[in-house]
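J.: Structure in structure tokens, see below.
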Amino acid sequence: MTQNIYDNPEFFAGYSCLGRSIQGLDGAAEWPALRAMLPELRGLDVVDLGCGFGWFCVWACEHGAARVLGLDVSENMLARARAATSDPAVSYARADLEQFDLPAASFGLAYSSLALHYVENLDRLLDTVRGALVPGGHLVFSVEHPIYTAPTHPGWVIDTAGGQTWPVDNYLIEGPRRTDWLANGVIKRHRTVAHYLNALLRHGFVIAHVEEWGPDEAQVAKRPELAIERHRPPFLLVSATRAG
């Protein structure tokens, strides 16, 4: 079972204070880039893998999706999502992304934001998603960039020249990495960029777009605290379609 860190009271309290938790999609600096990778939503059935507070589920219905199913392992997340959602076209269900199933050929879009790096068995998930998409259906997701998941250190360190660096530790050695972010003992699954892309190809997806996201100059001018994110990409964004 996926580590359900979001039902840890300490973690959930900290997560609820983040900008993206308070402001929704507009609080996520990578959202404009991720939004640009989405297909036309009008009439699509959509599944959100790791839906969190349901921000994307509601947005998708507001932008034409016929039906949206939000899945999350966290009861805390689902309770918040249900409380904030009134659209009857949006439904939520508790699901472990390590073990879940979906009806065959039922969705035009599978979406996931910053959830798949918690999943150990990525192959099973991609196989499930491919089967649940209609032919030509879309998978759009973001994960923490592998450069970001590779460090074992919790934050920035100072190099000998007095500048800030992000130490990359054993990038090519994949597997669980423990980090103390918002709470102690958070487990994320480190895998390389090549691993993500080859897994998609192996499971019958055609890769449409890959972005190693970082803030542009306009975003940094508006939010100077994002400047540190230009030293290395914090997120990997991928768009793919089901072949056949």
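The values are calculated or read from the model by the stated rules, or taken from the named source; none is laboratory data. This is a predicted model, so every value here is computed, not measured. Note: ideal-geometry Cβ built from the backbone for every residue, glycine included; neighbour counts use all protein chains shown. Side chains included, ligands, DNA and RNA excluded: accessible areas come from the protein's heavy atoms. Shrake-Rupley method; radii C 1.70, N 1.55, O 1.52, S 1.80 Å.
J.: How large, in percent, is the carbon and sulfur part of the accessible surface of the stretch 169-244 at a probe radius of 1.4 Å?
T.: 55
J.: Rounding to the nearest 20 debye, state how big the charge dipole of the stretch 199-244 is about its Cα centre with +1 on each Lys and Arg Cβ and -1 on each Asp and Glu Cβ.
T.: Value, rounded to 20: 200 debye.
J.: Can you tell me the FRET efficiency between Ala13 and Ala243 if r is taken as the Cβ-Cβ distance and R0 is 45 Å, rounded to the nearest 0.05?
T.: In this case the efficiency is close to 0.55.
J.: Sticking with this one: Could you give the dipole magnitude of the chain about its Cα centre, charging the beta-carbon of Lys and Arg +1 and that of Asp and Glu -1, in debye to the nearest 20?
T.: Computed about the Cα centre, the dipole is about 240 debye.
J.: Okay, next question. Give me the extension gain from Thr192 to Glu98: residue separation times 0.36 nm, minus the current Cα-Cα distance, reported in nm with one decimal.
T.: Here the answer is 31.9 nm.
J.: Work out the FRET efficiency for Leu201 and Ala83 from their Cβ-Cβ distance, taking R0 = 25 Å, and round it to the nearest 0.05.
T.: The computed FRET efficiency comes out at 0.05.
J.: To the nearest 0.05, how large is the calculated FRET efficiency for Leu172 and His63 if R₀ is 45 Å and r is the Cβ-Cβ distance? The partial results should precede the final answer.
T.: Working: r = 40 Å, r/R0 = 0.88.
Efficiency, rounded to the nearest 0.05: 0.70.
J.: When you take every Cα atom in the stretch 2-152, what is the radius of gyration, and what is Dmax, the widest Cα pair distance, in Å?
T.: Spelled out, the Cα radius of gyration and Dmax of the stretch 2-152 are 14.7, 44 Å.
J.: Are there trypsin sites (Lys or Arg not before Pro) in the stretch 1-103 that DSSP puts in a loop and that have at most 15 other Cβ atoms within 10 Å, and which ones?
T.: On the way: sites: Arg20, Arg35, Arg42, Arg67, Arg80, Arg82, Arg94; in loops: Arg42.
Here the sparse-neighbourhood loop sites are Arg42.
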